[in-house]
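Enquirer: I'd like to ask some things about the structure below.
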Amino acid sequence: MINNNKILYSGMQATGSLTLGNYLGALKNWVNLNEEYECIYGVMDLHSLTVRQNPAEFRKNARSLYALYMAAGLDPEKNCIYYQSHVPAHAQLSWILGCFTYMGELNRMTQFKDKAAKHTENINAGLYTYPVLMAADILLYQADVVPVGQDQKQHLEITRDIAQRFNGIYGDVFTVPEAYIAKAGAKIMSLQEPQKKMSKSEENPNASIWLLDDRDSIIRKFKRAVTDSDTVVRYAEEKAGISNLMDIYGCVTGKDSAEIEKEFEGKGYGEFKLAVGEAVADELLPLQKRYGQFIQDKEYLDSMIQKNDEKAAYYASKTLRKVYKKVGFTEPAK
Ligand code: TRP
């Protein structure tokens with residue numbers, strides 16, 4: 001790699017638009033990591049295909065995700081932001097790793113079980129081998145650390161198992177990655193069902209805040225957020241709705257829950273919800289402006305994509321070559 005920093009790898013699927021949860025729980029916390037790590041972020045479009053996509057929308061979403069990464073503050077000159085589908089080594093390594101992954105292991109993946117239950121009409125093999133492709137993503141770049149949410153921990157575990165198994169047979173080929181535990185950031189829950197994670201694939205329009213929502217919609221959704229029949233702004237397990245709003249407000253303003261409780265002492269939920277809505281709208285406005293600029297500047301966006309695709313392909317092909325040699329593939333005649 002270009003310097004001695006440790007390598008950090010992550011990415012998001014190019015499906016739908018990003019939510020406030022993706023932003024506060026992940027993206028926002030990625031922004032300064034490049035000071036400490038060599039950061040590589042993928043637009044995970046191969047993974048997106050495990051669910052049926054409308055081609056035109058899919059293309060648009062993938063482009064939009066790239067610009068959103070940038071708008072959130074990831075500088076594409078300092079972070080390698082690239083498209084997974086532009087680097088063929090992902091699919092190539094994924095095949096090989098699939099031959100070192102047991103069906104018994106894949107059968108245990110809770111996300112597969114959840115998604116299979118949700119998409120009964122399309123339980124495809126890609127959905128089943130999704131974790132193998134994710135292992136290929138991470139191992140191709142010899143990542144030391146991977147920031148992942150709770151729902152992806154099991155996939156990181158299987159990545160480690162595959163890497164260790166492969167290394168056990170062929171010698172030290174892959175770096176065995178660790179989970180990166182973020183210092184800040186929270187798990188943001190649905191505004192309508194605060195026991196559930198705020199989701200990209202949400203159908204209830206009031207449950208998720210989209211990063212490109214306008215100010216009025218943001219404030220309206222917070223006003224309608226589900227809370228409880230109590231009236232005190234207080235952080236508590238049995239007050240999931242209010243606690244989620246406090247998490248959001250805290251992430252955006254930097255205040256801790258004690259400060260927030262004090263700020264809204266003697267004030268009603270209505271006032272609190274409005275304050276959260278306004279704070280979120282204020283936080284997202286500069287991001288939305290930057291997004292508008294990036295998505296229009298086709299030339300700049302394309303030049304960053306091209307440069308980073310090349311960089312990613314270079315790293316990835318180095319690992320893939322090593323793997324080809326280790327497993328004993330013949331070399332093509334020159
Ligand atoms: N599965 C991840 C998610 O849905 C996205 C992803 C794909 C990923 N490959 C990855 C995340 C590699 C981290 C590292 O959130």
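The values are calculated or read from the model by the stated rules, or taken from the named source; none is laboratory data. Keep in mind it's a predicted model, so treat the numbers as computed, not measured. No Cβ is skipped: glycine too gets one built from the backbone with ideal geometry, and neighbour counts run over all protein chains shown.
Enquirer: Given the conditions (1) out of contact with any strand residue (DSSP E or B) (no Cβ under 9 Å at 6 or more places or on another chain); (2) buried (at least 23 other Cβ atoms within 10 Å of the Cβ); (3) not aromatic (Phe, Trp, Tyr), which single one is not true for ASN22?
Expert: Status for ASN22: all satisfied but (1).
Enquirer: Name the helices (runs of 4 or more DSSP H) wholly within region 246-334 that hold at least 3 residues that are among the hydroxyl-bearing types (Ser, Thr, Tyr)?
Expert: 298-327
Enquirer: Can I ask one more? Taking region 74-114 as the search range and keeping residues that are surrounded by fewer than 17 Cβ atoms within 10 Å (Cβ to Cβ) and of a type in the set (A, V, I, L, M), which one is nearest to ASP309 (Cα to Cα)?
Expert: ALA91
Enquirer: Next question. Within region 149-161, how many residues turn out to be out of contact with any helix residue (DSSP H, G or I) (no Cβ under 7 Å at 6 or more places or on another chain), at pLDDT 95 or above and within 8 Å of the ligand (Cβ to nearest atom)?
Expert: Of the residues in that region, 1 qualify.
Enquirer: THR120 versus (1) modelled with pLDDT of 95 or more; (2) assigned to a loop (DSSP other than H, G, I, E, B); (3) away from the ligand (no atom under 11 Å from the Cβ): which is the lone unmet condition?
Expert: If we test THR120 against (1) modelled with pLDDT of 95 or more; (2) assigned to a loop (DSSP other than H, G, I, E, B); (3) away from the ligand (no atom under 11 Å from the Cβ), just (1) comes out false.
Enquirer: From (1) farther than 20 Å from GLY16 by Cβ; (2) in contact with a Ser or Thr (Cβ under 9 Å, 6 or more places away or on another chain); (3) away from the ligand (no atom under 13 Å from the Cβ); (4) not in a helix (DSSP H, G or I), pick out the condition that doesn't hold for VAL146.
Expert: Of the numbered conditions (1) farther than 20 Å from GLY16 by Cβ; (2) in contact with a Ser or Thr (Cβ under 9 Å, 6 or more places away or on another chain); (3) away from the ligand (no atom under 13 Å from the Cβ); (4) not in a helix (DSSP H, G or I), the odd one out for VAL146 is (3).
Enquirer: Here's another thing I want to ask about it. Taking only region 1-43 into account, find how many residues are within 13 Å of the ligand (Cβ to nearest atom), in a strand (DSSP E or B) and not polar (S, T, N, Q).
Expert: Here the count works out to 10.
Enquirer: I'd like to know if region 192-208 contains one or more residues that are at pLDDT 95 or above, more than 14 Å from the ligand (Cβ to nearest atom), more than 30 Å from ILE7 (Cβ to Cβ) and assigned to a helix (DSSP H, G or I).
Expert: no
Enquirer: How many residues does region 71-108 hold that are more than 16 Å from the ligand (Cβ to nearest atom), in contact with a Leu (Cβ under 9 Å, 6 or more places away or on another chain) and of a type in the set (Gly, Ala, Ser)?
Expert: Residues meeting the conditions: 2.
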